[in-house]
1. Looking for whichever is within 20 Å of SER91 (Cβ to Cβ) and either acidic (Asp, Glu) or surrounded by 13 or more Cβ atoms within 10 Å (Cβ to Cβ) (or both) here; the options are ARG61, ARG35. Which one fits?
2. Using the structure shown, decide if ALA170 is more than 26 Å from GLU253 (Cβ to Cβ) and either open to solvent by 40 Å² or more (accessible area, probe 1.4 Å) or part of a helix (DSSP H, G or I) (or both).
3. Take the residues in region 518-560 that are part of a loop (DSSP other than H, G, I, E, B) and within 18 Å of PRO382 (Cα to Cα); name whichever of them is modelled with the highest pLDDT.
4. Does region 360-370 hold any residues that are open to solvent by 10 Å² or more (accessible area, probe 1.4 Å) and part of a loop (DSSP other than H, G, I, E, B), and which are they?
5. Please go through region 194-249 and give me each residue that is under 25 Å from SER261 (Cβ atoms), small (Gly, Ala, Ser) and open to solvent by 40 Å² or more (accessible area, probe 1.4 Å), ordered by number.
6. Please verify whether region 286-294 includes one or more residues that are within 17 Å of TYR57 (Cα to Cα) and open to solvent by less than 50 Å² (accessible area, probe 1.4 Å).
7. Between a residue in region 85-106 that is closer than 25 Å to TYR57 by Cα and open to solvent by less than 30 Å² (accessible area, probe 1.4 Å) and any residue that is of a type in the set (Ser, Thr, Tyr) and assigned to a helix (DSSP H, G or I), which pairs come within a Cβ distance under 6 Å, given they are 6 or more apart or on different chains?
8. On the given criteria, is VAL301 modelled with pLDDT of 80 or more, assigned to a helix (DSSP H, G or I) and either within 21 Å of ALA433 (Cβ to Cβ) or in contact with a helix residue (DSSP H, G or I) (Cβ under 6 Å, 6 or more places away or on another chain) (or both)?
Amino acid sequence: MPPDAPSPAPANHDGWATIRRFLPYLWPRDNAALRRRIVIALLLVLAAKAVTLALPYAYKRAVDAMTTPANEAAMVALAFVIAYAAGRFASVGFDNARNVAFERVGQEATRHLAEDTFARLHRLSLRFHLSRRTGEVTKVVERGTKSIDSMLYFLLFNIAPTVIELLAVAVIFYFHFGWGLVLATAVTVAAYVAVTRWITEWRTKLRKEMNDLDGLALSRAVDSLLNYETVKYFGAEGRERERYGRAARAYAEAAIRSENSLGLLNVAQSLITNLLMGGAMAYTVWGWSQGELTTGDLVFVNTYLAQLFRPLDMLGWVYRTVRQGLIDMAAMFELIDTEAEVEDTPGAPALVVRRPSVAFDNVVFGYDPGRTILHGLSFEVPAGAHVAIVGPSGAGKSTIARLLFRFYDPLSGRVLIDGQDITQVTQASLRAAIGIVPQDSVLFNDTIGYNIAYGRANDTGAATQDEIVRAARDAAIMPLIERLPDGFETEVGERGLKLSGGEKQRVAIARTLVKNPPILLLDEATSALDSRTEQDILATLHRVSENRTSLSIAHRLSTIADADEILVMEHGRLAERGSHSALLRADGLYAEMWRRQQAESEVSEAAE
């Protein structure tokens, strides 16, 4: 089984197991204030329920009083009517006070679970994020967090009070009407719950299908919009619309089936509850005709059943909401339970870099079991040296960068920094020691200043404005910033699209300078730029590489000709190594690549 796949979930993962997983968020041991709020909310629930159960008595007494001569009972009936109205108001007051007391509890529980899920997503390895659609993951988190608050409300303030009310009504009916009405009520409630559960389970399957199709439609939309320029290049708007439309139509059909099943559930529930209501009231009329019951008993029974049916009428919706909430929360817990491919060794120390050397020791690696990328690769970058890695596409150059950052672990062999195996130190300390300028420098949709300051690790404190300005100046981007009306506060757009390729690279360089790492990795940092911009960026990179150990992964050989040593990769193996001049004299793979690129450059210049 490949790492970073969701761990197998137990069969009841979306039931009581999920509730048990969530209880620590609801009852935080380290927050007494929130626990007090929960206790207060539950006491208010009991107070509201006590008032609600007393209301039918006041209603019955008022009606019974009105069946006697007016002069004798008018004030008594009026007193009970006032008590009834006051009780209804008190019940509403208790309910709203309960909501006020509990709101912070629900929001805090939601926030903590969302933060834990978000943190876990960042701990998962690159393989997971390359295989999962971003839209689907964000939808899982969105649905899970939205379901928590409503699910908590229904579990604590609907289902639990309804159970209390059912037991209380059974006791009241027994003392007033005997076992007959109690049994009839119990049978009706049992039938109601059974039918609701049976139909809702069926609807849950429809809902799961609908959620899957909803996630697919969203991922299609996100994927298409992220590749907006590619769609335009190939005039594929119609194709993308049809592709999204298919997913949207499939979702619409699933949604229609789900909503139609709701109608069946509502009709079945209404039939069961109204059979009990009609039967109970008919029994009361019969008892009145026999002189055993009073007129007030009719409204007494009717009021209790109406109060009981009100939460029961919602029980189907509540059950569906809670059931769906459990499913959505279970999906979030599955993300949290996903095993990370790369984990720190228990008790791993931080990487200590005194002499920033880098070494690959007989490294074997492949992304898939049947496809090996690196075959026993060994090389060393001495502290302070500038070593370049070149080779044809697919030779394994970028894989070296991913292994160095420990996005993956080798199948065998070791990667060493200053003689320390990077699998035996913490990932945070490892990545703090390495700075990277990638080929495609993706920026956050924020300001230039924010993106530059992002290079400073959290545990070393935020970058000061002076450090940001110094990094921007060293990266040769200050002339641009000074020309912009908003300076460092200029928004760069999504993925930095408001800046040119060269400007984005300079921001990325400044970001790395703020980080100030002892080891610098340049992963084809200029291959996507034009020749003039490339030369400017190269000059900047050469300047910032001084006094650092630097490893350049390059496609254009002219950009690394001055490297201390050049490693030539072919099919995941080290084919040649040496200086630029020595490799040309050897007349091997490097010399062949050099001649080809020089010829292509001459053809390009002639065409211009």
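1. Numbers: ARG35 fails: within 20 Å of SER91 (Cβ to Cβ).
Only one candidate passes the filter, namely ARG61.
2. Working: more than 26 Å from GLU253 (Cβ to Cβ): yes; either open to solvent by 40 Å² or more (accessible area, probe 1.4 Å) or part of a helix (DSSP H, G or I) (or both): yes.
Judged against the criteria, ALA170 is a match.
3. So in region 518-560, the residues part of a loop (DSSP other than H, G, I, E, B) come out as 518, 524-530, 546-548, 554-556, 560.
Then keep just the ones that are within 18 Å of PRO382 (Cα to Cα); that gives 518, 546-548, 560.
Numbers: PRO518: 91, GLU546: 76, ASN547: 79, ARG548: 86, ILE560: 86.
Taking the candidates together, the pick is PRO518.
4. First, the residues of region 360-370 that are open to solvent by 10 Å² or more (accessible area, probe 1.4 Å): 361-362, 364, 367-370.
Result: TYR367, PRO369, GLY370.
5. Residue satisfying the conditions is ALA194 alone.
6. Narrowing region 286-294 to residues within 17 Å of TYR57 (Cα to Cα): 293-294.
Add one more test, that the residue is open to solvent by less than 50 Å² (accessible area, probe 1.4 Å), and what stays is 293.
Taking every residue of region 286-294 in turn, at least one turns out to be within 17 Å of TYR57 (Cα to Cα) and open to solvent by less than 50 Å² (accessible area, probe 1.4 Å).
7. Close Cβ pairs satisfying both conditions: SER91/THR52.
8. Working: modelled with pLDDT of 80 or more: yes; assigned to a helix (DSSP H, G or I): yes; either within 21 Å of ALA433 (Cβ to Cβ) or in contact with a helix residue (DSSP H, G or I) (Cβ under 6 Å, 6 or more places away or on another chain) (or both): yes.
The answer is yes for VAL301.
The values are calculated or read from the model by the stated rules, or taken from the named source; none is laboratory data. None of these values were measured; they are calculated from a predicted model. With ideal geometry, Cβ positions are generated from the backbone for all residues, glycine too; neighbour counts draw on all protein chains shown. Note: areas computed on protein heavy atoms with side chains; ligands, DNA, RNA excluded. Shrake-Rupley method; radii C 1.70, N 1.55, O 1.52, S 1.80 Å.
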